[in-house]
Every structure is written in C-alpha cells, then in structure tokens.
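The values are calculated or read from the model by the stated rules, or taken from the named source; none is laboratory data. Worth saying up front: this structure is predicted, and the values here are computed from it rather than measured. In this analysis, Cβ positions are derived from the backbone assuming ideal geometry, glycine residues included, and neighbour counts consider all displayed protein chains.
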Amino acid sequence: MPEWTLATDPAQVRVLVSGYQSWSEAELRPLTDVQSVPLMRWRHEQGHDPAFLPSGEAGVWRSHTVLALVRPDGGGWVGAAQDATHTFTHWEARAEGDRVRVTCSQEGPATAVAWEPTDDVITILETLSAQLGANMHARTPAPQRVWCSWYSYYRDVTLTAMLDNARLAREHGLPFDVFQLDDGFQSDLGDWFTPSSHFGGHARDLPTQLGDLGFTAGLWLAPFLASPTSELFREHRDWMLRGADGQPLTVGHNWGGAYYALDTTRPEVLDWLRTLAATARGWGYPYLKLDFLYGAALPGVRHDPSVGRAAAYRMGLQALRDGAGDDAFLLGCGAPLAASIGVVDAMRTGPDVAPLWDEDSRRVWLGDATGPSARNALHTALSRWYQHTWYQPDPDVAICRRELSLLNSNERHAVAGMLDVVGGLRASSDPIALLDAEGLGLLRDCLTLSAPDRPTTLTHSLGGAVTHFRRGTFNLTDASLDGLAPHSYQRQT
Ligand code: 9PG
C-alpha cells in the first residue's frame with residue numbers, strides 16, 4: 001500500500017475529493033474539516049461505496065480514483081489512478097500533528113497510480129485525469145441537448161406528455177437533440193418490456209413519432225436492478241447478487257421498498273443485458289440513460305468468485321454496450337465513475353437537481369449531501385470539472401420554469417452557469433407549456449453548447465466546492481460574500 005508523509009501544516013491545506021459514484025459528494029474543503037458520512041445505513045450502499053465510505057472524521061478525507069491537496073500558494077500534490085478497468089483505487093489524506101499522511105489502497109489487481117508534487121494543482125490534476133481517460137479509451141462524443149421527463153412528471157409520465165412537450169419544443173424551435181423518457185413507463189423494476197398501467201401506450205410507440213418531430217428518442221433503464229415483485233426476480237431468483245447468507249442482497253430502498261441487483265458474472269445475466277439493450281435499440285432508442293448502475297458493483301457473493309467487483313461491474317456495462325451497439329449514446333447514472341470510462345459516452349457527475357436550493361435537514365443533520373437539490377448538484381458537478389476527459393459530463397438539468405419551483409432568479413442562473421462551466425451534456429425537464437418568454441430565453445441559453453471551463457484557483461472557495469472559474473464565480477453559501485449574493489453565479493465581465 002503506497003504511503004506518503006508530507007511535511008506540511010494540515011491547517012494550511014485544502015483537499016479536493018471525488019466520491020465513488022455519480023451521486024456521491026465531490027468537495028474542496030480544509031483538510032481539518034469533517035468529511036461527513038450519512039447517518040442512515042441504507043444511504044451507504046445507495047450513495048457511496050460501502051467498502052470505502054467517507055471517513056466521518058475531522059482531518060481524514062477519503063476519495064476515489066483521484067485526490068488533490070492544495071497549499072495556499074496553489075501548489076500541492078495530486079494522486080490519480082492510471083487504470084480503472086478492474087480495480088477501484090482508494091485515497092485517504094490524514095492530518096497527523098504537523099504532517100499529512102496520504103495512503104493509496106486498491107481493490108482488484110494492482111494497477112499503476114500517479115503521485116505528483118506540483119506548483120500547479122489545477123493543471124496536474126487535469127493532466128493526470130486526461131491520462132487516465134486516454135489509457136481507458138474514453139469516449140467523449142459531441143454533447144447532446146436532452147429533454148428528460150423526470151423532473152416534471154416523475155413516475156407519472158405518459159406517452160401523451162412526451163409528445164405534447166416534443167410538439168411544443170418543435171413549435172418554439174428549441175434546439176433539443178434527444179427527447180428522453182425516464183422512469184415510469186415500465187410495469188416494474190426489471191420488467192422493461194411491459195408498460196405501466198398509467199403510461200398510455202408502449203415505449204416502442206414513441207420513437208417514430210419523436211422522429212417525425214425531428215428528435216432522437218432516449219430511454220431510461222435501471223438495467224442491473226430487479227424489484228421483489230418483478231417477473232424478472234420471480235423467474236430468475238438465481239441471477240441475483242447474494243449476501244453471505246446465500247439470499248439475494250438488498251441493494252437500495254428507492255421505489256418505496258427494497259430491491260435486488262443482477263450478478264453480472266453469470267453468463268445468462270450478460271445475455272439478458274445484451275438482449276435488453278438490443279431490444280431498446282430495436283424499439284428505436286439509440287440514446288440510453290442507464291441508471292442505478294452501482295447495483296452491479298456492490299460487495300456480495302458472486303457466481304464467479306474470481307471476478308472482483310470492478311471487473312464484474314464492467315462486464316455488465318460492456319454487455320449493455322454490446323447489445324446497444326457501438327454507435328449508441330450511453331449515459332451512465334448512479335454509476336461508479338472511473339470504472340465506466342471507455343464504455344459510456346456521458347456520465348452524471350452529481351446528485352439530482354431539484355426545483356429547490358437545498359434540503360439542509362438531510363444534508364446537515366443526517367450528513368447526506370447526495371439528495372436532490374440545486375445546491376448539491378452544483379457543489380459536486382463543479383468539483384469534478386476535470387472529468388470531461390473521462391466522458392461527456394452530465395451535471396443534470398437546468399430548471400428554467402418559475403411555476404412548480406422554489407428556485408429564485410439567482411438560483412436558476414447559478415444552475416445555468418454550472419451547465420456552461422462544466423461544458424458537457426445539456427438537459428432540461430421543464431414542461432414547455434410552463435415557460436414564458438423569460439423562461440424560454442433562459443432555456444435557450446442553457447442549450448447553448450460550450451467547452452469546459454477551468455478553475456482560476458483552488459485556494460479560495462465560496463462554499464466548500466470548486467467555485468472560481470475563468471468565466472465566473474459561484475457563491476454556494478447562504479451569505480453575501482465577495483460582493484456575490486447567496487446562491488448565485490456572477491459572470492466575469
Ligand atoms: C428515476 C430517477 C431519475 C434521476 C436519477 C435517479 O440516491 N438515491 O436514492 C437516488 C434515487 C433516485 C435518483 C437519484 C438518487 O434519481 O438520478 O435523474 O432518472 O433516478 O427514478
């Protein structure tokens with residue numbers, strides 16, 4: 001286990017960490033602060049890697065794949081795994097008296113890691129991340145502009161709502177590439193081929209009609225999951241990832257109850273995944289949002305015990321790629337980040353945006369910043385700015401409507417600023433009928449593609465995240481600071 005002792009005062013050092021999967025926090029914090037870990041046990045498997053959780057201790061920070069330590073002069077140290085196809089790389093920085101101790105451990109076959117002292121942390125982190133991306137043959141196609149059903153219709157989405165929005169988008173000349181149907185079209189988790197009773201049709205009915213309106217069809221799947229009530233589970237109980245007791249392992253508690261994950265070391269499961277992705281493609285969906293992917297990577301008892309977690313996950317992901325085809329556009333979500341490089345085209349790099357700024361009861365009192373809020377999405381996606389060499393980053397949707405939203409004008413513009421700075425995928429979920437001239441104007445701005453921006457500094461932060469970019473500065477705190485209103489973005493003039 002490589003270990004380094006740095007003769008530097010911990011009180012002067014900031015640490016930049018990135019959590020395990022899409023929804024886990026990324027942060028830029030004083031090293032002596034506390035890295036919070038959710039109080040609720042079930043959030044560990046759903047928001048983090050239960051085998052390498054955030055520390056929960058003051059002065060001890062854990063990070064996945066990459067780690068950076070920043071001195072007040074902008075110099076410091078950067079660590080980065082150089083391959084993640086079979087191996088999870090875990091970093092820990094620990095304040096110890098007048099020194100900082102850094103350890104790097106791996107789960108899976110040993111792979112190369114880079115560790116570099118530098119006088120320019122920003123550039124070296126970008127360089128080492130880009131090397132990881134290149135080593136894993138990262139796919140970074142042109143960013144897509146996506147309308148997604150989730151953040152307005154949630155599970156009540158209907159075929160009619162999809163088409164009504166697509167028609168209005170066409171009438172307004174909104175430059176979307178993809179109309180993506182999210183969770184709610186299927187009868188159960190795992191039963192993707194059977195429509196839900198409320199959807200008002202079948203998912204395969206949608207793509208031609210969207211195509212006539214000039215849009216590519218996108219579909220959401222949680223391909224590794226199965227609910228206990230699903231036909232998939234009832235017919236193939238033996239396909240599930242198991243616990244030490246031999247019983248199917250519970251892997252989360254969304255959808256009002258527990259659910260299970262497929263064991264991707266089983267050849268029959270890989271066949272099923274290929275068939276699923278090929279079927280969705282055959283229905284006319286070349287764009288797939290593959291969600292809750294963490295399920296296949298959890299610790300558990302697998303059919304083939306010689307395959308580690310990272311490798312098992314990647315086998316499942318590769319089966320989906322093989323089924324969908326090389327020219328399909330795959331967006332990962334709820335997914336181990338680095339382990340997906342080279343298979344996905346895009347990746348959610350933060351928790352869900354929500355039409356509210358923050359939910360501090362959950363974040364502050366329960367120690368869980370993986371929940372849906374504009375603040376959590378900005379905090380994490382901005383602090384992962386360098387990951388654009390791994391995949392097309394997806395910082396989640398803009399919210400431009402004023403109805404059915406608690407966001408104020410500053411907060412809406414802060415989300416728009418994040419989309420511009422991150423420079424990846426563009427998405428919106430507003431019912432187009434709710435947008436007036438102002439909302440449509442903001443939405444058009446949000447759909448304007450830009451190249452990823454770079455931070456100007458990691459030695460200052462307005463809110464524990466990377467907040468200072470060349471194009472502008474974010475204030476994620478609840479106070480006016482440096483002339484910036486709370487929850488705002490100020491463009492550089
Ligand atoms: C559909 C949604 C949308 C959304 C996804 C994902 O940590 N969690 O418990 C958690 C649950 C759901 C969730 C994110 C996190 O939302 O990010 O865009 O597709 O699923 O159910």
(message) So for the range 241-261 (the condition being hydroxyl-bearing (S, T, Y) and away from the ligand (no atom under 15 Å from the Cβ)), does at least one residue qualify?
(response) yes
(request) Scan (1) over 17 Å from the mean Cα position of the chain (by Cα); (2) under 21 Å from A258 (Cβ atoms); (3) within 16 Å of the ligand (Cβ to nearest atom) for the single condition A51 breaks and write down its number. (result) (3)
(message) Restricting to the range 348-399, and then to whatever is modelled with pLDDT under 95 and of a type in the set (K, R), can you tell me which residue is farthest from S36 (Cα to Cα)?
(response) R362
(request) Taking T264 as the residue in question, decide whether it is within 18 Å of A203 (Cβ to Cβ) and either modelled with pLDDT of 95 or more or in the same structural domain as D49 (by TED's automatic domain parsing) (or both). (result) no
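Would you point out the residue of the range 120-167, among those that are of a type in the set (S, T, Y) and away from the ligand (no atom under 16 Å from the Cβ), that is farthest from R314 (Cα to Cα)?
Narrowing the range 120-167 to residues of a type in the set (S, T, Y): 123, 127, 129, 140, 149, 151-154, 158, 160.
If we keep only those that are away from the ligand (no atom under 16 Å from the Cβ) as well, we get 123, 127, 129, 140, 160.
Numbers: T123: 29, T127: 24, S129: 19, T140: 18, T160: 36 Å.
Per the stated criteria, the residue is T160.
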(message) So D73 passes all but one of these: (1) touching a residue at least 60 places away in the same chain (Cβ under 8 Å); (2) in a strand (DSSP E or B). Which condition number does it fail?
(response) (2)
(request) For W42, work out the one condition from (1) surrounded by fewer than 17 Cβ atoms within 10 Å (Cβ to Cβ); (2) of a type outside the set (A, V, I, L, M); (3) more than 12 Å from the ligand (Cβ to nearest atom) it doesn't fulfil. (result) (3)
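Among the candidates S409, S450, single out the residue that is under 20 Å from the mean Cα position of the chain (by Cα) and more than 16 Å from the ligand (Cβ to nearest atom).
On the way: S409 fails: under 20 Å from the mean Cα position of the chain (by Cα).
Answer to the check: S450.
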(message) Checking L462 against (1) in a helix (DSSP H, G or I); (2) closer than 20 Å to R14 by Cα; (3) of a type in the set (A, V, I, L, M), only one condition comes out false. Which one?
(response) (1)
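Within the range 410-437, track down each residue that is assigned to a helix (DSSP H, G or I) and in contact with a Ser or Thr (Cβ under 9 Å, 6 or more places away or on another chain). Spell out the reasoning first.
Going through the range 410-437, the residues assigned to a helix (DSSP H, G or I) turn out to be 410-422, 432-434, 437.
Those that are assigned to a helix (DSSP H, G or I) and in contact with a Ser or Thr (Cβ under 9 Å, 6 or more places away or on another chain): N410, E411, R412, H413, A414, G417, L419, D420, V421, V422, L434.
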(message) Looking at the range 465-493 only, could you name the residues that are closer than 21 Å to R384 by Cβ, hydrophobic (A, V, I, L, M, F, W, C) and in a loop (DSSP other than H, G, I, E, B)?
(response) A465, V466, L476
(request) Please name all residue pairs, on different chains or six or more residues apart, with Cβ atoms under 6 Å, provided the first residue is in the range 214-231 and is in the same structural domain as Y151 (by TED's automatic domain parsing) and in contact (Cβ under 8 Å) with a residue 12 or more places away in the chain and the second residue is more than 16 Å from the ligand (Cβ to nearest atom) and in a strand (DSSP E or B). (result) F224/L262
(request) Could you run through the range 382-407 and say how many residues are part of a helix (DSSP H, G or I) and either among the β-branched types (V, I, T) or under 17 Å from R145 (Cα atoms) (or both)? (result) 2
(request) Could you check D394 against (1) acidic (D, E); (2) out of contact with any Cys (no Cβ under 8 Å at 6 or more places or on another chain); (3) closer than 29 Å to L276 by Cβ and say which number it fails? (result) (2)
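For the condition of a type in the set (A, V, I, L, M) and out of contact with any helix residue (DSSP H, G or I) (no Cβ under 9 Å at 6 or more places or on another chain), what is the one hit in V13, V66, V78?
Step by step, each of V13, V66, V78 is checked, and only V13 is of a type in the set (A, V, I, L, M) and out of contact with any helix residue (DSSP H, G or I) (no Cβ under 9 Å at 6 or more places or on another chain).
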(request) Filter the range 364-387 down to the residues that are farther than 30 Å from L128 by Cβ and within 13 Å of the ligand (Cβ to nearest atom), then identify the one that is surrounded by the most Cβ atoms within 10 Å (Cβ to Cβ). (result) S373
(message) Checking P72 against (1) within 16 Å of the ligand (Cβ to nearest atom); (2) of a type outside the set (S, T, N, Q); (3) modelled with pLDDT of 95 or more, only one condition comes out false. Which one?
(response) (1)
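Among the listed residues G252, G284, G257, G295, which satisfies the condition of being among the small types (G, A, S), surrounded by 18 or more Cβ atoms within 10 Å (Cβ to Cβ) and modelled with pLDDT under 95? Write out each step before concluding.
Numbers: G284 fails: modelled with pLDDT under 95; G257 fails: surrounded by 18 or more Cβ atoms within 10 Å (Cβ to Cβ); G295 fails: modelled with pLDDT under 95.
Going through G252, G284, G257, G295 in turn, just one is among the small types (G, A, S), surrounded by 18 or more Cβ atoms within 10 Å (Cβ to Cβ) and modelled with pLDDT under 95: G252.
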